[in-house]
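The structure appears below as structure tokens.
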Amino acid sequence: MNEAKPSSGRTIGVDAAASLIGPLTDLVLQAGRAILAVNRRAMRVTDMSDGSPVTEADLAADRVIGNGLAQLAPDILALSEERAGPAAPPYRGSFFLIDPLDGTKEFVAGRGEFTVNLALVTDAMPLLGIIYAPDLGLLWRGLVGCGAERIAVGDAGLSASTPIHTRPAPKPGEAWVAAVSRSHANARTEDFIQSRPGAIRLPLGSAVKFGRLAEGAADIYPRLSPTSEWDVAAGQAVVTAAGGKVTDETGHPLRFGERPDGFIVPSFIAWGDASTSVAN
């Protein structure tokens, strides 16, 4: 994978990103196949410096994506969760932001809600995002300003494609559906959800939550605790392309690759209806 370092590289716009979405999708599908080829019962599981687990499947998917991007776009820097050590923000222009296996805990536990996440960030904002859930046979992808889609994935590859859009916010008296994490519940997030009386919780793992929000199966996805930029970037692009919005707690857009203290997102709220964000 291209070494992560301070970047003033070229800027990828919408037209160039549109030409990349097909090859990038193929690359993400290859990474998914590499994950599924790993024997979960026999694989090694170790801990990263932050205490999160990493498996042979994480590393296999990372190699596939790293090698593929080096061939596909050698002049665009790529930052992966597995290779963030040498990274030194800020970044300028465009760069790839990747989580080769989001939801490792779900994967280790034998549940199907894990994903491969790939985003193309331009001028600190996710422009293109792909989320692939290999066990579910579903892929969500979007290009900001051009729309989003959900694609079924079978043994022969991509099949049925459905344009997706977020749904309007519930009317007064209607219940909100909140996508919530299976593994990262916390009191602040729960208080936020409870501020919407009668809210229905939809427990999901990994970036599947962004996919379900983008396709209109949920109204909101709050996470009021720290996470990493590679956990959010692809989902933000897909949700935004589908008509939603991802903000910080004050309603301001998230920006990526600019924090001098690393790649932490202190908190975020993903809104299906962009007009309901707290900035409005």
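Throughout, read-outs are computed from the coordinates displayed, never taken from laboratory work. Values in this document were obtained by computation on a predicted structure and should not be read as measured data. Here Cβ is always computed from backbone atoms with ideal geometry, including for glycine, and neighbour counts include all displayed protein chains.
Here the dipole of the chain is about 340 debye; that uses its Cα centre as origin and unit charges on the Cβ of Lys and Arg (positive) and Asp and Glu (negative).
Our coupling estimate for region 131-148, obtained by passing each phi through the Karplus curve with A = 6.51, B = -1.76, C = 1.60 and θ = phi - 60°, is 10, 10, 10, x, 5, 8, x, 10, 9, 10, 8, x, 10, 4, x, 10, x, 9 Hz, Gly and Pro reported as x. Where only DSSP H runs of four or more residues are counted, the chain gives -8000 deg cm²/dmol as its mean residue ellipticity at 222 nm, each run worth -39500 (n - 2.57). Between the Cα long axis of helix 56-72 and the first principal axis of the chain there is an angle of about 70°, rounded to the nearest 10. Computed from backbone phi with θ = phi - 60° and the Karplus coefficients 6.51, -1.76 and 1.60, the 3J(HN,Hα) list for region 261-269 is 9, x, 10, 9, 9, x, 5, 7, 9 Hz; x is used for glycine and proline. Magnitude of the charge dipole for region 7-164, about its Cα centre and with charges confined to Cβ atoms of Lys, Arg (+1) and Asp, Glu (-1), is about 140 debye. Summary value for the chain: 18 percent relative contact order, contacts being C-alpha pairs under 8 angstrom separated by 6+ residues.
In this structure, the amide hydrogen of A199, modeled 1.01 Å from its nitrogen in the peptide plane, lies closer than 5 angstrom to those of W176, counting only residues at least 5 positions away or on a different chain.
In this Cβ point-charge picture (+1 for Lys and Arg, -1 for Asp and Glu), region 158-256 has a dipole of about 140 debye about its Cα centre.
Label positions at R255 and A187, each projected 7 Å from the Cα along the C-beta direction, are separated by 3.3 nm.
Using a/c under 1.5 as the rounded threshold, could you call region 7-164 rounded, prolate or oblate? The axes a ≥ b ≥ c are square roots of the C-alpha gyration tensor eigenvalues, and prolate needs a/b larger than b/c, oblate otherwise. Oblate, since a/c reaches 1.5 and b/c is not below a/b. Of the chymotrypsin sites (Phe, Trp or Tyr not before Pro) found in region 130-177, none is in coil by DSSP with at most 14 other Cβ atoms within 10 Å of its Cβ.
Taking a point 7 Å out from the Cα of R111 in the direction of its Cβ, the residues of region 124-159 whose backbone N falls within less than 20 Å of it are 131-140. Counting only alpha carbon atoms, the long axis of helix 14-36 and the longest principal axis of the chain meet at about 80°.
Based on alpha-carbon atoms, the Kirkwood radius and the radius of gyration of the chain give Rg/Rh equal to 0.94.
Highest GNM mean-square fluctuation among P74, P134, P90, for the chain modelled with Cα contacts below 10 Å: P74. Fully extending the segment from H165 to Q194, taken as 0.36 nm per residue of separation minus the present Cα-Cα distance, adds 7.9 nm.
Between S275 and A70, full extension at 0.36 nm per residue minus the direct alpha carbon distance yields a gain of 69.9 nm.
Ranked for footprinting exposure by Cβ neighbours inside 10 Å, fewest first, L72, L29, L79 give L72, L29, L79. Comparing R44, R259, R111 in a Gaussian network model of the chain, where Cα atoms under 10 Å apart are tied by springs, the biggest mean-square fluctuation is seen for R44. For the chain, set up a GNM with springs between Cα atoms under 10 Å and report which of A199, A34, A119 has the largest fluctuation. The residue with the greatest mean-square fluctuation here is A199.
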